[in-house]
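Notes to accompany the following structure.
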Amino acid sequence: MKLRDLEIIVTAPPAPGWGGRYWTLVKLTSDDGIVGWGECYATSVGPEAMRAVIEDVFDRHMAGENPENIELMFRRAYSSGFTQRPDLTVMGAFSGLEIACWDILGKARGRPVHALLGGRMNDRIRAYTYLYPLPHHPLDEFWTSPKMAAEAALDCVDRGYTAVKFDPAGPYTMRGGHMPGMRDISQSVAFCKAIRDAVGDRADLLFGTHGQFSTAGAIRLGQALEPFSPLWFEEPIPPDAVEEMGRVARAVRIPIATGERLTTKAEFAPILRSGAASILQPALGRAGGIWEMKKVAAIAEAYNAQMAPHLYAGPIEWAANVQLAASIPNILMCESIETPFHDRLINGTIRVEDGYITPSDTPGLGIEVDEDLARAHPYTGDELHLQMQEDPCDYQNGNNFEGGAPAPREG
């Protein structure tokens, strides 16, 4: 069996657009006609430039190769060009292609991917969700309203979720880590209090940030949140400052989680060695793929750390997360996004039921991709999947920032 054909589909989810502005889906076909699907996550270049990168990585390192030879193809992509270090864009391309290889292998053998990774360790995987507006919530007001966040949290918990994530402490700026304004700290405390009051001990609070604070600012904010006992304090400072993140971890009595912007074991291992985080959140469509994150999970196990795969993408990356999670002993939970478009794109083949996901025994990734639907929603914009804002933190008027991909409005 050899890898033969590659197709790339860039799909834009319709409003409200949860999961980013677009999803980069890859379709690989073997010489015996088996189709595998993958997804490349959150690239740092535009979709057309990324299309060229994906094509180059495939043609140069994978075309004509047996899809079983994942280790060989990874080493080609990782080392060629005299690099032998993590390259965010190349690894993003390879990751989606690698996921598609596993889908092909599972289908060829009539087995789910987790069966090829050491077998089924977990019959159920705990799911968590970001807090998204309910239908009656005004989009412009939701992100700074503790009351609306509490309503959304209670709705999630009533549907079975036992963990909810929220991020009221923006903005994310391209200027690097900043000191949070006192208003941002007060608002973050108000969110934690309102959500904790609403859900009690029925759910863990997951406090999300996106690397936006200085070390001192992250410590100041984290210590203010301690009375509410969040399960984690996510990526409190920029992801490249490993030792500084360790300083935050030692100063704040909340577990540190990080990983959505990291790629390969070369970047995850120093996090564990330095004690910078005890929860790793790889995005499998960026981090090197399923096999590379199986290795990271094993390294994390040696440090008594847990895995919580990240998802701000489409459902194909979600499927890869679930297959990895089913096979490892140190899974904490998996992020989930439930929208009608996510569900339709994979024909309802992954579902969160009473707060848990049951891994499928269907061969491959366990999903059925609606290719016509994916092609019917092409991305026509010129922005990146996620973007940082240029304006600095506003200490006078406060901050109302919806994140790196504000929800598109209908019409």
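All of the numbers you see were taken from the coordinates with simple rules; none came from a lab. None of these values were measured; they are calculated from a predicted model. Note that we place each Cβ from the backbone using ideal geometry, even for glycine, and neighbour counts take in every protein chain shown.
About its Cα centre, the chain has a charge dipole of approximately 1080 debye under the convention of +1 per Lys or Arg Cβ and -1 per Asp or Glu Cβ, with nothing else charged. By the count of other C-beta atoms within 10 Å, a proxy for reagent exposure, THR83, THR362, THR144, THR43 are ordered fewest to most as THR83, THR362, THR144, THR43.
Ranked by the mean number of other Cβ atoms within 10 Å per residue, highest first, peptides 371-378, 310-317 order as 310-317, 371-378.
Look at where the Cα atoms of region 348-411 and of region 36-69 average out, and the two centres are 20 Å apart. Is any residue of region 188-215 close enough, with backbone N under 20 Å, to a label point placed 7 angstrom from the Cα of LYS147 along the Cα-Cβ axis, and if so, which? In region 188-215, the label zone of LYS147 (backbone N under 20 Å from the point 7 Å along Cα→Cβ) covers 188-200.
By the count of neighbouring beta-carbon atoms within 10 Å, fewest first, TYR41, TYR132, TYR78 end up ordered TYR132, TYR78, TYR41.
For each pair in LYS27/LYS265; LYS2/LYS294; LYS165/LYS295; LYS265/LYS294, compute the distance between the two Cα atoms and list the pairs where it is over 21 Å. Distance filter (> 21 Å) returns LYS27/LYS265; LYS2/LYS294; LYS165/LYS295.
Ordering ALA251, TYR41, ALA127 by the projection of their Cα atoms onto the charge dipole of the chain, which places +1 on the Cβ of Lys and Arg and -1 on the Cβ of Asp and Glu, puts ALA251 at the extreme positive end.
When peptides 292-300, 66-74, 206-214 are ranked by their average number of other Cβ atoms within 10 Å per residue, the highest-first order is 206-214, 292-300, 66-74. For ASP32 and ARG183, the difference between the fully extended length at 0.36 nm per residue and the C-alpha to C-alpha distance is 48.4 nm.
Straightening the chain between ASN397 and GLU7 buys 135.7 nm, computed as 0.36 nm per residue apart minus the Cα-Cα spacing. Tell me the angle of helix 215-225 to the major Cα principal axis of the chain, expressed in degrees between 0 and 90 and rounded to the nearest ten. Tilt relative to the chain: about 70 degrees. For TYR130, the residues 5 or more places off, or on other chains, whose built amide H falls under 5 Å of its own are LYS165, SER336. When only the Cβ of Lys, Arg, Asp and Glu is charged (+1, +1, -1, -1), the dipole of region 324-404 relative to its Cα centre reaches about 260 debye. Within region 115-363, DSSP assigns beta bridges of which about 15% are antiparallel (rounded to the nearest 5). Between the Cα long axis of helix 182-199 and the first principal axis of the chain there is an angle of about 80°, rounded to the nearest 10. Projecting the Cα atoms of ILE337, ASN304, ASN347 onto the dipole axis of region 294-364, where Lys and Arg carry +1 and Asp and Glu carry -1 at the beta carbon, places ASN304 farthest toward the positive end.
Taken one residue at a time, the phi angles of region 87-96 give Karplus couplings (6.51, -1.76, 1.60, θ = phi - 60°) of 10, 4, 6, 5, 5, x, 5, 5, 4, x Hz. Gly and Pro are set to x.
Paramagnetic label reach from THR339 (point 7 Å along Cα→Cβ; backbone nitrogen cut-off under 11 Å): within region 7-32, residues 12-23.
Taking amide H positions as modeled 1.01 Å from N, with prolines and chain starts lacking one, the residues under 5 Å from ILE331 and 5 or more places away or on another chain are MET307. Secondary-structure-derived ellipticity at 222 nm for the chain, considering helices only, amounts to -11000 deg cm²/dmol, per-run term -39500 (n - 2.57) for DSSP H runs with n ≥ 4.
Among CYS40, CYS393, CYS101, sorting on how many other beta-carbon atoms sit within 10 Å of each Cβ, with the fewest leading, yields CYS393, CYS101, CYS40.
Between GLU353 and GLU226, the contour length at 0.36 nm per residue exceeds the Cα-Cα span by 42.7 nm.
Return one number: the angle in degrees, 0 to 90 and rounded to the nearest 10, between the long axis of the Cα atoms of helix 315-327 and the longest principal axis of the Cα atoms of the chain. So the helix axis and the longest Cα principal axis differ by about 90 degrees.
The relative contact order of the chain comes to 24 percent, based on Cα pairs under 8 Å that sit 6 or more residues apart. With θ taken as phi - 60° and the Karplus curve 6.51 cos²θ - 1.76 cosθ + 1.60 applied, the whole-hertz 3J(HN,Hα) list for region 285-301 is x, 10, 7, x, x, 5, 5, 5, 7, 5, 5, 4, 4, 5, 4, 4, 4 Hz, x standing for glycine and proline.
Report the relative contact order of region 339-411, percent, no decimals, based on alpha-carbon pairs under 8 angstrom and at least 6 residues apart. This gives 24 percent for region 339-411. Between GLU71 and ALA298, the C-beta separation translates, for a Förster distance of 22 Å, into a calculated FRET efficiency of about 0.90.
With a ≥ b ≥ c taken as the square roots of the eigenvalues of the C-alpha gyration tensor of region 115-363, please select rounded if a/c is under 1.5 and otherwise prolate if a/b is larger than b/c or oblate if it is not? Oblate is the answer for region 115-363, as a/c is 1.5 or above yet b/c matches or exceeds a/b.
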